[in-house]
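The values are calculated or read from the model by the stated rules, or taken from the named source; none is laboratory data. Predicted, not measured: the structure shown is a model, and the values here were computed from it. In this analysis, Cβ positions are derived from the backbone assuming ideal geometry, glycine residues included, and neighbour counts consider all displayed protein chains.
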Amino acid sequence: MKAWYINEHTINEKFLDEHITFFLLYLLADESYMSSPLSGIFDEYNKRDSLDQRKILDRLYETEEDPFDGLPKKEIIFTLDKIRKVKSQKHKSHEDLVMLNFSQQLTQRLKDYSTSDFDVRFEEAGVLNWKYLPKQGKMNMLPYFDLHYDGRKRYDYYAEQVRKCILSKTDFHVFNMKTLEGFHLLAFGKENTNKTENVPKKSVSNLISWISKQKKWWQRILIFLAISITIIPLLLYRLILRTIFRKKLKNKSVVQNTENSLYSIRLFHIPIGINLEGDNVKMISNHLHKKIKEITDSISEFKKEISQTGFDENTLKKLEQFYLKIEPELKILQQQIDNELYLQQLIHASEKSLYYDVFIVVATIEQITGFYEKNGIFLPFEADAFRKSLSMQMDIKKCDLVLFSRFEGLS
C-alpha cells in the first residue's frame, strides 16, 4: 500500500498527532510519503551534509548567546564569502592559508553544532528513539513548507503532491484526528471500543458503590437525578444515530454523507507510545506484517472498485459487503495486536497508554480537498482553484478512501 500524509500544522509542540501517523505509516504502508512539521526535521537531517552554512549559522545564533566569543554573525558570513573566493585562487598567500585553516575549524564547528542541534530537535519532537527509522523508498520524508514560504511555490508543490495521490488508483490519503474533528463516524465494526483483553474493564459497580455510601437519602436522589439528566440523553442520542444509520443502509433511496457524518470501517485499536525504541517498532511491524499486508491489499482492491462510483446507496452496500468480507481477518489482526509482546511491555511500563482507533473512511474527492484545506495545506481561494483545476481531469463527486486515526482514550 502506498500512502500520503500531507499536513501544514501540528496540534501542539509535542507533535502528538504526528507520532501516531508516523507509527501507522511505518506499520501499514509499503511505501509512504510524509510532508509535515515533523517530516521537515527528518528531511533537513537527511540533507545535513549539504545544508547551507548560513542556515546553520542562523540557527546557531538563535540558540546560543555568543557562539564565537564576540564575533558577530555578519563578520562570520563575510568571512565565509571571502573563503569561497580564496579557495578558487591558484596562488594563495600566507594570510589566505590562515583563513583556510580557520574555514576548516569553522566548518567542523558548524557540523558539530548541526548534529547536536538535530538531536535536540528530535527530542523536542518526541522522536529521538525513531531517528533512524525512515528509509528512502519505504518511508520518504518530504520537505515542509509553512505559510511563511513563497506562496506560489508552496501551492504548486503541495498541489502536485495531492494531485498525485488523488489521480492514483492505489494511493491513500492519511489524515490525523484533528482534520476530521467534528465529524461523527458511522462505522462498521465496533465504533467506540478501547476494551481489548489487555485493557482494564470499567464497571458501573464502583459508581453504584459510591452512591450507596452517601449517608443521606436526599444526596442519593440528587446524584441519581444528575446522572439521569446527563448520561441518559447521551445514550438515547447514540441509540437514535445508530438506528438511523441502520435504516439508511436498508433504504433504497439515495444516501449522502451528511455535513457532519462520514461512513467508515474500523480496522483496529492500538496503543501508541513514543517511548518505544526504534528496534521495537521494527519488530512490531515485522510481527504484524503478514496479516496487515493481506488486509491492505484487500483495501487497495476495494478502493479501485469504489473509485468508479459516486456516493449513493450502492456505495454503502459495497462498504457493508466489504466489511463482512474482511471482518474475520480484522479480528485475527486485533488478536495479534493485543498479544504483541512489545505493545504489552509498553502498556505495563507506563501508568497511562494512549489508545487509537484506525479507520478507512469513504469520502468524495471534493470532501478530501476540503480536508486538505482544513489541514492548512490550501488557503480557501487556493482550495477553490485546485478543485476547479482537478474537475477538468476527473469527476470530483466520485468516491475515494482515506485512512484516519482517532484518539479513543487512556487506560
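Can we say Val361 is surrounded by 18 or more Cβ atoms within 10 Å (Cβ to Cβ), outside any helix (DSSP H, G or I) and assigned by TED's automatic domain parsing to the domain that holds Arg406?
Considered against the rule, which asks whether it is surrounded by 18 or more Cβ atoms within 10 Å (Cβ to Cβ), outside any helix (DSSP H, G or I) and assigned by TED's automatic domain parsing to the domain that holds Arg406, Val361 comes out as yes.
Tell me, yes or no, whether the stretch 85-108 has at least one residue that is of a type outside the set (A, V, I, L, M, F, W, C), under 25 Å from Asn46 (Cα atoms), touching a helix residue (DSSP H, G or I) at 6+ places or on another chain (Cβ under 7 Å) and in contact (Cβ under 8 Å) with a residue 40 or more places away in the chain.
There is no residue in the stretch 85-108 that is of a type outside the set (A, V, I, L, M, F, W, C), under 25 Å from Asn46 (Cα atoms), touching a helix residue (DSSP H, G or I) at 6+ places or on another chain (Cβ under 7 Å) and in contact (Cβ under 8 Å) with a residue 40 or more places away in the chain.
Cβ contacts < 9 Å: first residue farther than 30 Å from Leu354 by Cβ, restricted to the stretch 393-410; second residue part of a strand (DSSP E or B) and modelled with pLDDT under 85, any location; separation 6+ or different chain. Result?
Asp395/Gly310; Lys397/Gly310; Lys398/Gly310; Cys399/Gly310
Residues checked against (1) surrounded by fewer than 18 Cβ atoms within 10 Å (Cβ to Cβ); (2) closer than 16 Å to Phe22 by Cα:
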| position | (1), (2) |
| --- | --- |
| Asn101 | yes, no |
| Gln108 | yes, no |
| Gly137 | yes, yes |
| Pro143 | yes, yes |
| Tyr158 | no, no |
| Val162 | no, no |
| Ile166 | no, no |
| Lys169 | yes, no |
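Those residues that are within 20 Å of the chain's Cα centre (by Cα) and not basic (Lys, Arg), I need them from the stretch 281-294; list them, please.
Val281, Ile284, Ser285, Leu288, His289, Ile292
With the structure loaded, tell me whether Asp171 is touching a Leu at 6+ places or on another chain (Cβ under 7 Å) and modelled with pLDDT of 75 or more or whether it fails that test.
no
I'm trying to understand the selection: among the residues of the stretch 38-59, which are modelled with pLDDT under 85, assigned to a helix (DSSP H, G or I) and either under 27 Å from Arg406 (Cβ atoms) or charged (D, E, K, R) (or both)?
Within the stretch 38-59, Glu44, Arg48, Asp49, Arg54, Lys55, Asp58, Arg59 qualify.
For residues that are surrounded by fewer than 23 Cβ atoms within 10 Å (Cβ to Cβ), closer than 22 Å to Thr115 by Cα and hydroxyl-bearing (Ser, Thr, Tyr), tally how many sit in the stretch 18-51.
Number of matching residues: 2.
Let's see how each residue does on (1) in the same structural domain as Leu80 (by TED's automatic domain parsing); (2) hydroxyl-bearing (Ser, Thr, Tyr); (3) under 28 Å from Lys2 (Cβ atoms):
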{"residue": "Leu106", "(1), (2), (3)": "yes, no, no"}
{"residue": "Asp112", "(1), (2), (3)": "yes, no, no"}
{"residue": "Ser116", "(1), (2), (3)": "yes, yes, no"}
{"residue": "Phe122", "(1), (2), (3)": "yes, no, yes"}
{"residue": "Gly151", "(1), (2), (3)": "no, no, no"}
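Listed residues Gly370, Gly376; which is surrounded by fewer than 20 Cβ atoms within 10 Å (Cβ to Cβ), under 20 Å from the mean Cα position of the chain (by Cα), at positive phi and among the small types (Gly, Ala, Ser)?
Every option except Gly376 fails the conditions.
Which is touching a His at 6+ places or on another chain (Cβ under 8 Å), surrounded by 13 or more Cβ atoms within 10 Å (Cβ to Cβ) and among the hydrophobic types (A, V, I, L, M, F, W, C), of Ile292, Ile337, Ile299, Ile306?
Ile337
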